[in-house]
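Undergrad: Below is a structure I'd like to ask you about.
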Ligand SMILES: Cc1ncc(C[n+]2csc(CCOP(=O)(O)OP(=O)(O)O)c2C)c(N)n1
Ligand SMILES: [Mg+2]
């Protein structure tokens, strides 16, 4: 596969400690389907130990490996998004660009906690979680750069891509809408007798005010679905602050009203994110019903790259809430001797190299040609039935 970053492969010439690291890219190995390829379970072994003993984080060495791996997905997502933002500013991207800056920790924890066979409905700020779940970096660059060989075949320029056959759902923009889609898939699993799977849906604070959120959470609670609802409370829904969005003290209190378990997590702290999401996923998988996880942090970019976010109060930026989770994780690695400066630099170089290679490749790919192709407004047919032969 093209960028087999979602595998647990120990890289030859890696850091010599037998830990996971982002493997080098290999353009010669263009994948038929760069999403999950049966390797997720081995990647998840450390996380599964978390799931068994979530409050103890498994063996210390397993947790260190998980943490280092999580950091590398976060770094790759950050570097990739910065590149796309820069291409956007130079007029090379059609459509909007939305960054997950400051939200990588909760996103990566969600992607890593899921296993093959699970369902993930990411949102616009979930690049780190997508990579950790198994999405290829090329799916990201080919889509943003409008290539016909991308999963959206050049029909959609940003975040609506997915690979539903691999459990990665294409996003519906309407806030809260994806929860009912995940519910439907989990119910389908139940009717098919498939057991042990979990579905995770990402939401923002703004989505918790919608009818879709209420109806789907209520349904999941009544049906005791193995649903993880990860709400990232980044203090704003576009420019609307929390105090104009909801009147409860803490969003996690909403869990009580639905009769489900709620978990709060410091969204700036990778340890907390891995621990709490690991526990929530384990609870859902073991039949304890839906889990509401509320991660608190601050959106460190505009709503999209078209937005200068002038309305974000400087007060938040001074709080622990306003910390950059990537910087916090980096400090944690250094302080605990889980990585040294040379290792961090090597990871950064690796990520930069992968992103440059993916962008260069994607820029060379053809755009869709409506005169030649079966052009339908909706991309659902190939998503449901698999990619057409010419883009496999
Ligand atoms: C039902 C619905 N209403 C309005 C919008 C327009 N809209 C798109 S993103 C957004 C803000 C989302 O805020 P939040 O849920 O907090 O997520 P964040 O962008 O902060 O990650 C809005 C209002 C929408 N997509 N769907
Ligand atoms: Mg928000």
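The values are calculated or read from the model by the stated rules, or taken from the named source; none is laboratory data. No experiment lies behind these values; they were computed from the predicted model shown. Backbone-built Cβ (ideal geometry, glycine too); neighbour counts: all protein chains shown.
Undergrad: Do we have residue 249 as more than 16 Å from ligand 1 (Cβ to nearest atom), surrounded by fewer than 15 Cβ atoms within 10 Å (Cβ to Cβ) and under 30 Å from residue 62 (Cβ atoms) here?
TA: Here the answer is no, as residue 249 does not meet what is asked.
Undergrad: Do we have any residue at all in region 224-233 that's touching a strand residue (DSSP E or B) at 6+ places or on another chain (Cβ under 6 Å), under 14 Å from residue 252 (Cα atoms) and more than 13 Å from ligand 2 (Cβ to nearest atom)?
TA: Applying the first criterion (touching a strand residue (DSSP E or B) at 6+ places or on another chain (Cβ under 6 Å)) to region 224-233 yields 227-233.
Imposing the further condition that a residue be under 14 Å from residue 252 (Cα atoms) reduces the set to 228-233.
Still in the running and more than 13 Å from ligand 2 (Cβ to nearest atom): 228-229.
Scanning region 224-233, I find at least one residue that is touching a strand residue (DSSP E or B) at 6+ places or on another chain (Cβ under 6 Å), under 14 Å from residue 252 (Cα atoms) and more than 13 Å from ligand 2 (Cβ to nearest atom), so the answer is yes.
Undergrad: Hey, residue 203 hits all of (1) touching a strand residue (DSSP E or B) at 6+ places or on another chain (Cβ under 6 Å); (2) more than 9 Å from ligand 1 (Cβ to nearest atom) but one; which does it fall short on?
TA: Result: residue 203 passes all but (2).
Undergrad: Go through region 156-204 and give me each residue that's out of contact with any helix residue (DSSP H, G or I) (no Cβ under 6 Å at 6 or more places or on another chain), within 16 Å of ligand 2 (Cβ to nearest atom) and farther than 15 Å from residue 228 by Cβ.
TA: 159, 171, 173, 174, 204
Undergrad: Can you spot a residue in region 338-352 that is at negative phi and in contact with a strand residue (DSSP E or B) (Cβ under 8 Å, 6 or more places away or on another chain)?
TA: Within region 338-352, none of the residues are at negative phi and in contact with a strand residue (DSSP E or B) (Cβ under 8 Å, 6 or more places away or on another chain).
Undergrad: Continuing with the same structure: Taking region 79-109, which residues are away from ligand 2 (no atom under 16 Å from the Cβ), touching a residue at least 40 places away in the same chain (Cβ under 8 Å) and either within 14 Å of residue 297 (Cβ to Cβ) or in a helix (DSSP H, G or I) (or both)?
TA: 79, 80, 81, 83, 84, 85, 87, 88, 89, 108, 109
Undergrad: Exactly one condition in (1) within 16 Å of ligand 1 (Cβ to nearest atom); (2) within 24 Å of residue 304 (Cα to Cα); (3) surrounded by fewer than 24 Cβ atoms within 10 Å (Cβ to Cβ) is not met by residue 266; state its number.
TA: The single condition residue 266 does not satisfy is (1).
Undergrad: Also, quick follow-up: Is region 367-379 home to any residue that is modelled with pLDDT under 95, assigned to a helix (DSSP H, G or I) and surrounded by fewer than 18 Cβ atoms within 10 Å (Cβ to Cβ)? Lay out the reasoning, then the answer.
TA: Here is the first cut: in region 367-379, the residues modelled with pLDDT under 95 are 367-379.
Applying the additional criterion that residues be assigned to a helix (DSSP H, G or I) yields none.
Looking for residues that are modelled with pLDDT under 95, assigned to a helix (DSSP H, G or I) and surrounded by fewer than 18 Cβ atoms within 10 Å (Cβ to Cβ), one finds none in region 367-379, hence no.
Undergrad: Here's a follow-up. Being buried (at least 20 other Cβ atoms within 10 Å of the Cβ) and within 11 Å of ligand 2 (Cβ to nearest atom) is the filter here, so list the residues in region 207-223 that pass it.
TA: Residues satisfying the conditions are 207, 208.
Undergrad: Something else now. Restricting attention to region 141-194, report how many residues are part of a helix (DSSP H, G or I) and touching a strand residue (DSSP E or B) at 6+ places or on another chain (Cβ under 6 Å).
TA: 5
One line per residue, one yes/no per condition, for (1) surrounded by 11 or more Cβ atoms within 10 Å (Cβ to Cβ); (2) farther than 18 Å from residue 274 by Cα:
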residue	(1), (2)
307	yes, yes
310	no, yes
313	yes, yes
318	no, yes
322	yes, yes
326	yes, no
330	yes, no
337	no, yes
340	yes, yes
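Undergrad: Another question, then. Scan region 206-234 for residues that are more than 8 Å from ligand 1 (Cβ to nearest atom) and under 19 Å from the mean Cα position of the chain (by Cα) and report the count.
TA: Result for region 206-234: 6.
Undergrad: Related question: With respect to the numbered conditions (1) under 15 Å from the mean Cα position of the chain (by Cα); (2) surrounded by fewer than 22 Cβ atoms within 10 Å (Cβ to Cβ); (3) more than 24 Å from residue 72 (Cβ to Cβ); (4) touching a residue at least 24 places away in the same chain (Cβ under 8 Å), which one is the sole condition not fulfilled by residue 165?
TA: Status for residue 165: all satisfied but (1).
Undergrad: Do you know which residues across region 114-128 are buried (at least 22 other Cβ atoms within 10 Å of the Cβ) and part of a loop (DSSP other than H, G, I, E, B)?
TA: Across region 114-128, the qualifying residues are 114, 118, 122, 123, 125, 126.
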